[in-house]
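The values are calculated or read from the model by the stated rules, or taken from the named source; none is laboratory data. Not measured: the values here are computed from a predicted model. Virtual Cβ from ideal backbone geometry, glycine too; neighbours counted across all protein chains shown.
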Amino acid sequence: MFEFRNGSLHAESVPLEAVAREFGTPCYVYSRAALAAALAQFQSACGGHDALVCYAMKANSNLAILDLFARTGAGFDIVSGGELARVIAAGGDPGKVIFSGVGKSAAEMRYALKSGILCFNVESAAELTRLAAVAGEMGRRAPVSFRVNPDVDARTHPYISTGLKENKFGVEFGAALELYRAATRMPQIEVVGIDCHIGSSLIEYAPLLEALDKMLGLVDALAAEGIRLRHLDLGGGLGIRYRDESPPDVAAYIRGVFARVGGRKLKLLFEPGRSLVGNAGLLLTRIEYLKPGAARNFAVVDAAMNDLIRPALYEAWHNIVAVRNSGVSGAVYDVVGPVCESADFLGKERELAVSEGDLLAVMSAGAYAMCMSSNYNSRPRAAEVMVDGEKTHLIRERERTESLFALEHLLL
């Protein structure tokens, strides 16, 4: 949780200036209290129902965050074998893991079956055929739900919309019934559920409930044919406040879900990602230079698009604040990094009262930030720090320059 105290921005009880002195910049900073509170909100809303909250770990896959969520009973939604390895390394229960994703390899399927995951979210007939073959080779039965594309407009950014018929995700709604019939005839497959996920960063939950109604229609049609499912996975997608959005109320959304499900004997699975971690983290960066110009003023910082690509990729808006008021008069700046691209900006036209050397905090950077970072321009990736009350924990060391080419070889 982040707030100003005595004119200085704090993470819980720790001044961000102290974090910068100890760990340097750029640096990702997370609040343990904020992470725990966000998960508790979902779990509390599900209280009294047969439900499981599975963190969509593609949003942020740091082991310390996975460990925290695993300790409080969360499951995990994964999209790769590497993410499954992270869950296991963090002490998570593979029996609470849902494996999503359109391109699972045979090796990933074998690893997941051997680990005993809860379910594969199958996204195509071809994937079902491959999974059946892999399971047969191993003498196993693969637990399966189909990710069904309900063709519902999530009304979000086109790059993170996943529930329309032109998107690559899921099986077409009209083809789902026949795929379920085919799956029940495969001895290597155990049909256990149904899944949908229509997109990310939703600021209203009406599209989610529209998708739910279509899924329940399929559930009932399957039950009429004797195919009774054990769970209904509604994915994630709830947005957060970046600027002036009014994100959906978690408890109201979940109440609406259970009301529609009614007396059906289904375990409900939810896969929040951004809504658990997005506002629990920020990117701490230092101003290297102030560069005034006739058309634009630039604040050149030591973080860049390789550290936080969302503004360049999605034209995403993050609030940027000075960690401490420098006492100078304000001006309007584009906050840019040192990467050799015009798209290398963290925010444009921001009014800031700052001097060279001051710290800035790029807010709402807990989701799709560090996990999407890269080494572009041969830049080492940032450190990550977890704040817990008055304590700070280094949960990822800053990369060293020599590690950038440690796996490369000169020609002989």
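Points to keep in mind about this one:
- Looking only at the range 129-184, and only at residues there that are among the hydrophobic types (A, V, I, L, M, F, W, C), outside any loop (DSSP other than H, G, I, E, B) and modelled with pLDDT under 90, the one that is surrounded by the most Cβ atoms within 10 Å (Cβ to Cβ): Phe173
- In the set (1) more than 17 Å from Asn279 (Cα to Cα); (2) aromatic (Phe, Trp, Tyr); (3) in contact with a Pro (Cβ under 9 Å, 6 or more places away or on another chain), Trp317 fails one condition alone, (1).
- The listed residue being in contact (Cβ under 8 Å) with a residue 24 or more places away in the chain, surrounded by 17 or more Cβ atoms within 10 Å (Cβ to Cβ), out of contact with any His (no Cβ under 8 Å at 6 or more places or on another chain) and assigned to a loop (DSSP other than H, G, I, E, B), out of Ala312, Ala365, Ala303: Ala303
- Residue match in the range 96-119 (condition: within 15 Å of the chain's Cα centre (by Cα) and over 21 Å from Ala183 (Cβ atoms)): no
- Members of the range 225-242 found to be charged (D, E, K, R) and closer than 16 Å to Val277 by Cα, listed by number: Arg241
- The range 69-80, residues that are more than 14 Å from Asn121 (Cα to Cα) and touching a helix residue (DSSP H, G or I) at 6+ places or on another chain (Cβ under 9 Å): Phe69, Ala70, Thr72, Gly73, Ala74, Gly75
- Every residue from the range 346-360 that is among the hydrophobic types (A, V, I, L, M, F, W, C) and surrounded by fewer than 21 Cβ atoms within 10 Å (Cβ to Cβ): Ala353
- Residue satisfying all of: in the range 38-79; touching a Ser or Thr at 6+ places or on another chain (Cβ under 9 Å) and among the polar types (S, T, N, Q); farthest from Cys119 (Cα to Cα) among these: Gln41
- Subset of the range 338-362 [more than 15 Å from Glu315 (Cα to Cα), in a strand (DSSP E or B) and of a type in the set (A, V, I, L, M, F, W, C)]: Leu352, Leu359, Leu360, Ala361
- Test set (1) part of a helix (DSSP H, G or I); (2) modelled with pLDDT of 95 or more; (3) more than 24 Å from Ala40 (Cβ to Cβ) - Asn279 fails condition number: (3)
- Test: Leu269 is buried (at least 19 other Cβ atoms within 10 Å of the Cβ), modelled with pLDDT of 95 or more and in the same structural domain as Arg398 (by TED's automatic domain parsing): no
- The range 195-219, subset in contact (Cβ under 8 Å) with a residue 60 or more places away in the chain and not in a loop (DSSP other than H, G, I, E, B), residue farthest from the chain's Cα centre (by Cα): Leu218
- You will find that of Val257, Val277, Val335, Val328, the residue that is of a type in the set (Val, Ile, Thr), at negative phi and surrounded by fewer than 19 Cβ atoms within 10 Å (Cβ to Cβ) is Val328 and no other.
- So Arg71, is it at pLDDT 95 or above, over 14 Å from the mean Cα position of the chain (by Cα) and within 22 Å of Gly389 (Cα to Cα): yes
- Identity of the residue in the range 369-395, touching a Leu at 6+ places or on another chain (Cβ under 9 Å) and part of a loop (DSSP other than H, G, I, E, B), that ends up surrounded by the most Cβ atoms within 10 Å (Cβ to Cβ): Ala382
- Selection status of Arg264, under 30 Å from Phe76 (Cβ atoms) and part of a loop (DSSP other than H, G, I, E, B): yes
- Taken as a whole, the structure leaves Asn375 outside the set of residues that are over 22 Å from the mean Cα position of the chain (by Cα) and not assigned by TED's automatic domain parsing to the domain that holds Arg86.
- Selection within the range 303-350 - among the charged types (D, E, K, R) and within 15 Å of Ala361 (Cα to Cα): Asp307, Arg324, Asp334, Lys348, Arg350
- Within the range 261-283, being over 20 Å from the mean Cα position of the chain (by Cα) and of a type in the set (A, V, I, L, M) holds for Val261, Leu266.
- Residue identified as under 23 Å from Cys371 (Cβ atoms) and in contact with a Cys (Cβ under 9 Å, 6 or more places away or on another chain) among Gly75, Gly91, Gly82, Gly103: Gly75
- Condition met for Arg241 (assigned to a loop (DSSP other than H, G, I, E, B), in contact (Cβ under 8 Å) with a residue 24 or more places away in the chain and either outside the structural domain of Arg310 (by TED's automatic domain parsing) or crowded, with 21+ Cβ neighbours inside 10 Å (or both)): yes
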